[in-house]
Each structure stands twice: as C-alpha cells, then as structure tokens.
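The values are calculated or read from the model by the stated rules, or taken from the named source; none is laboratory data. Model, not experiment: these values are computed from the prediction. Here Cβ is always computed from backbone atoms with ideal geometry, including for glycine, and neighbour counts include all displayed protein chains. Each accessible area value is taken on the protein alone, full model and side chains, heavy atoms only, with ligands, DNA and RNA left out. Shrake-Rupley method; radii C 1.70, N 1.55, O 1.52, S 1.80 Å.
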Amino acid sequence: MASTLPLWILVVAALVLTSWRARRYAVSLARAPAAARFDQPMRRLEGVMVAIGLHRKMLRKPLSGVLHAIIFVSFFVLFTATIDAFGSRLFPGFSLGVIGGETWIAALQDIFSVLMLVGVGLALYQRYVLRPARFEGSNGKDAAIIYVLIVLIVVSLLLEAAARIEGGADGSWRPVASAVAGLLGRAGISAPAAEEVFYWIHVGAILAFLVYIPGSKHRHMFLAAPNIYFRNLEPRGLAPAVPKQREAPGVDSLGMFDWKQQLDLLSCTECGRCQAVCPAYAAGLPLSPKTLITDMRDALAAPTALPLVGGVIADETLWACTTCRACMEACPVEIEHLPKIIDMRRHLVDEGRVSPGLQDALSNLTRLGNSMGKPSKMRARWTKELGFPVKDAREEPVDVLWFVGDYASYDPRVQEITRKVAELLTAAGVDFGILFDAERNSGNDVRRAGEEGLFETLAQSNIDEINACRFNRIMTTDPHSLNALKNDYRHFGAAFEVLHYTALLAELIADGKLDLHVADGARVTYHDPCYLGRYNGGFDAPRALIRSAGYTLHDMPRCRENSFCCGAGGGRIWQGDDGVTERPSENRIREALSLGDVAYFVVACPKDKVMYTAATDALGATGKLKVVDIAELLVPRASQALDMPAVETT
Amino acid sequence: MNILVVLRMIPDSAGELQLAEDGRAIDREWLDFQLNDFDDHALEEAILLKEAGGAKVMAVAIGEGAKRVLQMAAARGADEVVALQSEEDAMISSREIAASIAAMARARSVDLVLCGVQSSEDVFGQLAPYVGALLDCPHVSGTNRIVANGAMLRVTQERGAGVAVTYELATPAVLGVQTASKAPRYVSGSKLREASKTPIGRATPEPSGFERSAEIITLRLPVQGGSGEILGDNADTVADRLVGILAAKGLARN
C-alpha cells in the first residue's frame, strides 16, 4: 500500500520525539539512589488490581470516579482500533478480522466511541461547570489539550468508519457509524477520499497524543500502575530512615531523592484530592500537597538554578505540614508526600533554619527531654493528687508499662484526664507502672519535624529505660507516642507490644473487668486522631468505648480515614499561627457544631484536648459543645455518674 | 584573632529551688543545670565573628553539665573546648573564677574574651570587669553588636530607653555580651552526636588571689505573692465586679 512508508516515517519520528521529550526523566530516574521496592510481588500486584481494576480510591469521589472509569475502559476497547489502524498499514495484510475485528470488536469500538465521548463530556462538565476547588493550581491548559486530542481521535475514528460504510462496507456491526454514514451521504461527501482524510486525522491525533504525553500529567497512563506497584509496604507510621550512603541527614536537591520518590513526581495527575483534604491548605498556609509535587516535578523537567529547599520549595511550605497523612491516604496513585517533606525538613534542621518556636521546643527537648522546658522531676507530679500510689516500673515488675507522654504528664489541662485514666486502670484491677522522670518525649513529632539526630537520642534513651523494666505490654495515652514506640522504634530493633489506652480500656470492658455507668444514649461526636486512626488503624476501640458508656455516636462527615487533623502534629504545635486564616481546629469544631445535635466533642489524644478546648473558646461555642476526653465519659459504677449538659439542637 | 568564651552552668529556673539545711545556699543536689542564656549569646557572637573574619574560638565551660554544653559549642563551631574545674555544689562566683579565666587568656594570647553580661549567680555582671582589670585591658558590658576590623573592634552597647552607644577599642579586650548580633543558632541532634566525639580539655582553677570580703548569712526563697483573679468574659459583669473591687479598696465610690 502506498501509505506504508509515510506512516512508518511518521511513527518512527513520533517515537523518537517522544523519547527525546522523556529523556531527562529517564536519565534522572536512572541516576537516582536505590529504593528497596521489589519485595512481595503478589501483594504489590494485588494493590494495583484494587487501585486500578476496582478504582477504589477513585470512586471516593463518585463523579470523577465514574467518568474516569468510563474513559479508562473505553481507552482499552478503543486501543484495538489503534492496533488496527497502525497494524493494517504498517504491516500490509495485518487485520484483526480473524478474531472478530469486523464483528464483535467492531461493535464494541462503535459503542465505546460514544461512551468515551460521554466520559469526556462528564469531565468537561466537572472541570468547567462544577469547577471543584481541588483543581486550583492544576494546569488547565494541559487538561484542555488532552480533551481536544481525545475527542479528535474518537470522532475521526467514527467518521472514518462511517465513510467506509458509506462507500459500501458492511455496517451491521457498527450502528453508530452507520447512522453517521447516513449524515455523510446527505452532506454529499465523497466516501473514499473522506475515509482517507479521517484515517490520517485519526493516526495523526494518536501520534500527537503520544508525543505530547511526556510533558503532560497524562504520563500517569503509563506511570500510575508502576507507581502503585512500587508503593510503600512498610507500616504507615514508620518514617523513612536516613539512608546510610547519604552524607547529610537531609535532602537538598532532587537528585538525592531515590527513584521511587522521583517516580512519584512524574506520576502526579494533578487531581488535587490531596489539596482538598490538606489541613494546612485549608488554613491558608502556603502548602498544597499537589503543588508541592508539581513544583518539584517541573524542576525535574526543566532544571533551575534555584536550590530545592528554600527555592523550588519554600521553607514555610515545608513547615506548614502537620504530617496528618490525609494527602497520602487520598492519593489515587500512591504518591508519598510525607517522606519528601520530612527529608527536606531534615535539611532545614541540619542548617539550623528553624522558627524560634520550634527552636525553643527542640532545645528544651535536647536539654530536658520534653518540649515544655519543665524539669524531668516534675514529669510524674500529676500522680501526687491521686488517692493511691503509682508503681515505679523501674523498681518492680508490672503487667502494663504506661508511657504517659509530655502533654498528659505536664499540661495542667490534660493532667486531670491522665488521673482519670489511672483511676480507670485501678478500678479494672490493672497492674500498671510508669517510668517517672526517666521517660522522655517519644520523639514522634521531633522525627517528623526533621530532627533525626535528636529523635535518635530520645528514642535510644526511652528504649534503654523500657528494656530495663519487666512488663508485658506498653500502653500510651498519646497516639503520637503510640506511633513512635510501635513503629519508629523498630529502627533500633525494638519490638514492643504497644496499645493505645482506648484499646486497653475496650479490652477491659469486653472482658467484664470494668463496670461502667451507662448513659441514656445522648448523642456525641468523636474526632479520630491522625496518629491513632489513619496511621495505626485504631478506629473501632474508641467507638466501642463510646457505645459501652451508653452514648450514641454521631460521626462527622470527615471521620475515620478521612478525619481532619487538629493542626498540632508534625511539630506544628510548637510553631506560631502566622499566616493561618482559619485554624484547622476551628474548622473541625464548626463541622461538629453543624451536626446540630451533639453536646460532647469526644477526643482520644491529649493534644486534641488542648487544641479543641482552645478552638471552642475562640469560637465562643463553649456553651454548645464541650470537649471531653473519652476517659471522661467512662465512669466506673462505684463513682458518681457524669452530668450530661443539655443540648441546644439547631 | 583568638577568642575565649566563658560558658557558665546555672540552676534551671524552671525547677523547684530549695534551700540547703544551713539556709545559706541553694540545695543543688536535685537541680537541673543549664547554660546561662547571656553566655549562649556570647558564644554565638564569637562564632559570628569567626564566620565574618576568621578567628579561633576557645570555649571554656564551668559547672555541672559542662561537657554537654561544650559538645554543643563544638557543634556550633568552637575550635577548642575546655572544662574548667570548679568547686562542686557551689555557686559560680565571678570573683573566684576571674583569675582562672585571665590566666587562660594570657597563656593562649587571647585577643578577645567574651562572656555573658550577667548570670543568675552574678546579677551585677562582675565577670567582665574583673577579667578586664586582671588582664589590664579595656572592657565593655551590655553589648548587642560586635564588629572586628583587624585589631580594632566596634562595639555597640545597649543603654536604657533605646539609646545605643558605639565604642571603638583595640584588642585585647573583654566584653560582656547582652545579646549577639543574631539569635543563637539551632544545632541539630546529628551535629551534636558528631560533636560528642570532640576531645574536651580540662583546666584546673587558679587561686583567685582575693581575700574573702563578705559572707552570705542567709538566703530566702521568693515569697508567693497574691494571685490574679479572672473576672470572666462578659463585659457587663466584669465592669460590675471591677467597680465592686475598686470600691472595696476605697478607690471608687459605689
């Protein structure tokens, strides 16, 4: 056929151009430091199947999930048309006819051409009519170019088939193309010439698409699956270690990121689901997890003279993150935002580029082992007001070693709850003890603030103290301590059985060891702490406790995995509110108030008690909503029952 | 330029102070010690001078926890770190240590001695004047900016009411630092861990050369004053209660 040679030239040219446009990425990935992501192939593959085959995360947003699924499936069906279009002319004699290319495959192509147009139509409706805020900061031009190319490919495919039918081909398997053929006939277009023109438009648009992809977010067509396959399979709460071969603790150039971290940048689809759930972004701080990724991606594409940290990514952007992990939970292609932020913070800390508030907290932690600057000897002061002595776990064996944590130990607003927990444990007959002045901050947020060296010092000190004690299990009050002890301390070979106090209390109630007053079913809401829920899967024990105490749980719209951070994590609690337009904690309290029928805002994290009490005060909502720790709802039958405030239902 | 910085360890004021049995000293057994804040600024100023024009910085620490602070000084950029032995469980008297500091400065031909303008155990800021007198060289206290130009120093001294004075003086000199030109930097844990390998020199104290001129007879802890009262957040009731309180004190008519 006369068109074979020109098509070969066109195809080879397009492939060369595509490779040329992708060269920088390929070189960068090839030079990147190693990442151990080749283990557990079956588990990795299974994750890819769920993420792509079932569109699990995609469907959390129903419209985008459905429209993406339509476009995705249509793409695969129409790929047969692409094979046919190129195969038949590059290799004269090639045809899909033998497997049904002119029968059932033709029918599928015909129907899915229309479905593809429906999918694109929905995408246009979403992007240009609904305009979700999560697209803010995404490249609109890139999206528009892709819509045009897809429509061009599909319409030319339909028109080519129509022209063929008009020229006498059998149209019985192509109902849509047959209908279009009728229109072509009425328009008096010459069939053979039109078929040829539409053919070249079709292949031209496909090749243009191919050449365009390396510079477009539509790289995800090729990279999403590998990026999901090579996702992190370590526990979610384990922050990445500093690789041994790295000379400084942090990262200050893109080339220092391992290949998976770089692949993340190339896989981003700019969907903005991360941005939509980010508490820092909602608070007006200069951080969008999406633009964090795309800014680095652009710097990878077109190298710049700016430094990575403090240039491509501003210091304030890095400090804005609460490490709540909502972005990573939302990302459909498993991009890992936090390891990058933590690695860049490590660079800032190493350079001494920290805010005064953070510097104070870290200096206190270095000197005294707590962020408040209080002496170690005052750590167990809260026990003095208990009516019974607390065992010193360093002196005698205990069943449960209670790791109390800084806020629960030192903050006067939280000490009352700490004592409640001690009373509940005693009422249930639990043999427990604490480390007294030997306990140090767990280092969870120190590590996430990028202070790896101080984290190691704190962790090692705690591990040495804990190892010198005799106990069966560890209980923590603070979800942040829970995460450090359970996950981060693995870096030092420490494998402790660690429970959050909500899990231990739920277990005691289930075993009939704790007899509680039962309330009359009053409605309360519950805030899932990031480091208990999203990080460690502790969603059910707190809910079971609320039920056991006789309350009815009315969950907020953002609950469980989608819980909205209070704004205190990752070292944010030690920094100022500069630039914050709405505190995440106040945003959250408004959400609870809008439920309209709850009197208690139940928390299970000492920082939450502090953050949300301040937020209800600031909103003047103390009369409508009372922030209580879950331990305050649990009243042993031997004590006086809790007096439930009246609720104003709106 | 050779710089010597004095780092004094003082009782952590966040801790609970208790008197010794004889009532003439603080019971130091259960106290935490921390670096005197002004000395921290002196160290920062020394490192800034080193960065600006090159200098060799020797840090000399005195008191409990000296080792930890010297490692921190090394991590921040001190070239040599020395622990000066001091009497255990006793306050650091400027009068007592001045001779040792002066002797070290002389032995190493130090051009500039920096120390904090005062400490909680030397609220009158006597260390800089004592060392200056013993070395027979100029001293200025209360500095908030030091610029070196060869052997000449331009030193800005903070005075009351926002007035600042700039002196020009020749080295050798002794300066009592109020604040460094920039706030003390943060040293990361990884740098501290690296610096923990730095060898720490030891120095034995020189006799002060002074006769004891006075003795502490008694020490008293601060008496807890009256506490504040929160009047609530409703403007009307707050106004009523305020008027009531003022009237009760005879300061207003009800």
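Criterion applied to A:165, A:146 was being in contact (Cβ under 8 Å) with a residue 12 or more places away in the chain, in contact with a His (Cβ under 6 Å, 6 or more places away or on another chain) and surrounded by 15 or more Cβ atoms within 10 Å (Cβ to Cβ), and the one residue passing it is A:146. Residues considered: B:96, B:16. Of these, the only one that is surrounded by 19 or more Cβ atoms within 10 Å (Cβ to Cβ) and either in contact with a Ser or Thr (Cβ under 9 Å, 6 or more places away or on another chain) or within 14 Å of another protein chain (Cβ to nearest Cβ) (or both) is B:96.
Against the test of being in contact with a helix residue (DSSP H, G or I) (Cβ under 7 Å, 6 or more places away or on another chain), surrounded by fewer than 24 Cβ atoms within 10 Å (Cβ to Cβ), outside any loop (DSSP other than H, G, I, E, B) and at pLDDT 95 or above, the options B:83, B:103, B:59, B:73 yield a single qualifying residue, B:83. Taking the listed residues A:551, A:489, A:526, the one that is among the aromatic types (Phe, Trp, Tyr), open to solvent by 10 Å² or more (accessible area, probe 1.4 Å) and touching a helix residue (DSSP H, G or I) at 6+ places or on another chain (Cβ under 8 Å) is A:551, with no other qualifying.
The numbered conditions (1) assigned to a loop (DSSP other than H, G, I, E, B); (2) in contact (Cβ under 8 Å) with a residue 24 or more places away in the chain; (3) within 12 Å of another protein chain (Cβ to nearest Cβ) are all true for residue B:44 except (1). In the stretch A:321-357, of all residues being over 15 Å from residue A:262 (Cα atoms), assigned to a loop (DSSP other than H, G, I, E, B) and of a type outside the set (A, V, I, L, M, F, W, C), the one that is farthest from the other protein chains (Cβ to nearest Cβ) corresponds to A:332. The residues listed here are A:83, A:71; of these, the one that is in the same structural domain as residue A:152 (by TED's automatic domain parsing) and touching a residue at least 40 places away in the same chain (Cβ under 8 Å) is A:71. Condition check for residue A:565 on (1) within 30 Å of residue A:345 (Cα to Cα); (2) part of a loop (DSSP other than H, G, I, E, B); (3) open to solvent by 10 Å² or more (accessible area, probe 1.4 Å): one failure, at (3).
Only one of the numbered conditions (1) in a loop (DSSP other than H, G, I, E, B); (2) closer than 24 Å to residue A:324 by Cβ; (3) not polar (S, T, N, Q) is not met by residue A:413, and that is (1). Please determine, by comparing only the residues of the stretch A:363-389 that are of a type in the set (A, V, I, L, M) and over 21 Å from residue A:464 (Cα atoms), which one is farthest from the other protein chains (Cβ to nearest Cβ). Going through the qualifying residues, I end up with A:386.
Might you let me know whether the stretch A:462-475 holds any residue that is hydrophobic (A, V, I, L, M, F, W, C), over 14 Å from residue A:400 (Cβ atoms) and within 14 Å of chain B (Cβ to nearest Cβ)? No, the stretch A:462-475 contains no residue that is hydrophobic (A, V, I, L, M, F, W, C), over 14 Å from residue A:400 (Cβ atoms) and within 14 Å of chain B (Cβ to nearest Cβ). Residue-level analysis places residue A:374 among those that are of a type in the set (Lys, Arg), without any contact (Cβ under 8 Å) to a residue 40 or more places away in the chain, out of contact with any Lys or Arg (no Cβ under 6 Å at 6 or more places or on another chain) and surrounded by 21 or more Cβ atoms within 10 Å (Cβ to Cβ). Looking only at residues of the stretch B:189-220 that are within 14 Å of chain A (Cβ to nearest Cβ) and in contact (Cβ under 8 Å) with a residue 40 or more places away in the chain, we find that the one that is least open to solvent (accessible area, probe 1.4 Å) is B:195.
Per-residue answers, yes or no, for (1) at pLDDT below 95; (2) assigned to a helix (DSSP H, G or I); (3) over 30 Å from residue A:292 (Cβ atoms); (4) not assigned by TED's automatic domain parsing to the domain that holds residue A:108:
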| position | (1), (2), (3), (4) |
| --- | --- |
| A:138 | yes, no, no, no |
| A:153 | no, yes, yes, no |
| A:179 | yes, yes, yes, no |
| A:189 | yes, no, yes, no |
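Identify, by number, the condition in (1) surrounded by fewer than 22 Cβ atoms within 10 Å (Cβ to Cβ); (2) more than 14 Å from chain B (Cβ to nearest Cβ); (3) outside any loop (DSSP other than H, G, I, E, B); (4) polar (S, T, N, Q) that residue A:275 doesn't meet. With (1) surrounded by fewer than 22 Cβ atoms within 10 Å (Cβ to Cβ); (2) more than 14 Å from chain B (Cβ to nearest Cβ); (3) outside any loop (DSSP other than H, G, I, E, B); (4) polar (S, T, N, Q) applied to residue A:275, the lone miss is (1). When the criteria are applied in full, residue A:318 fails the requirement of being in contact (Cβ under 8 Å) with a residue 12 or more places away in the chain, more than 14 Å from chain B (Cβ to nearest Cβ) and in a loop (DSSP other than H, G, I, E, B).
Given the structure, is residue B:29 in a loop (DSSP other than H, G, I, E, B) and within 14 Å of another protein chain (Cβ to nearest Cβ)? It is true that residue B:29 is in a loop (DSSP other than H, G, I, E, B) and within 14 Å of another protein chain (Cβ to nearest Cβ). Number of residues in the stretch B:113-151 that are within 13 Å of residue B:8 (Cβ to Cβ) and open to solvent by 40 Å² or more (accessible area, probe 1.4 Å) equals 4.
Every condition in (1) buried (at least 16 other Cβ atoms within 10 Å of the Cβ); (2) in a helix (DSSP H, G or I); (3) modelled with pLDDT of 95 or more is met by residue A:89 except one, and the failing one is (3).
Check whether at least one residue in the stretch A:461-472 is under 31 Å from the mean Cα position of the chain (by Cα) and within 22 Å of residue A:574 (Cβ to Cβ), and report yes or no. Yes, the stretch A:461-472 contains a residue that is under 31 Å from the mean Cα position of the chain (by Cα) and within 22 Å of residue A:574 (Cβ to Cβ). Looking for something among the aromatic types (Phe, Trp, Tyr) and within 13 Å of chain B (Cβ to nearest Cβ) - is there at least one such residue anywhere in the stretch A:406-416? Yes - at least one qualifying residue is present in the stretch A:406-416. When you check residue A:577 against the structure, is it in a loop (DSSP other than H, G, I, E, B) and open to solvent by 10 Å² or more (accessible area, probe 1.4 Å), yes or no? Considered against the rule, which asks whether it is in a loop (DSSP other than H, G, I, E, B) and open to solvent by 10 Å² or more (accessible area, probe 1.4 Å), residue A:577 comes out as yes.
When residue B:37 is tested against the conditions (1) surrounded by fewer than 23 Cβ atoms within 10 Å (Cβ to Cβ); (2) more than 11 Å from the chain's Cα centre (by Cα); (3) more than 10 Å from residue B:114 (Cβ to Cβ), the lone failure is (2).
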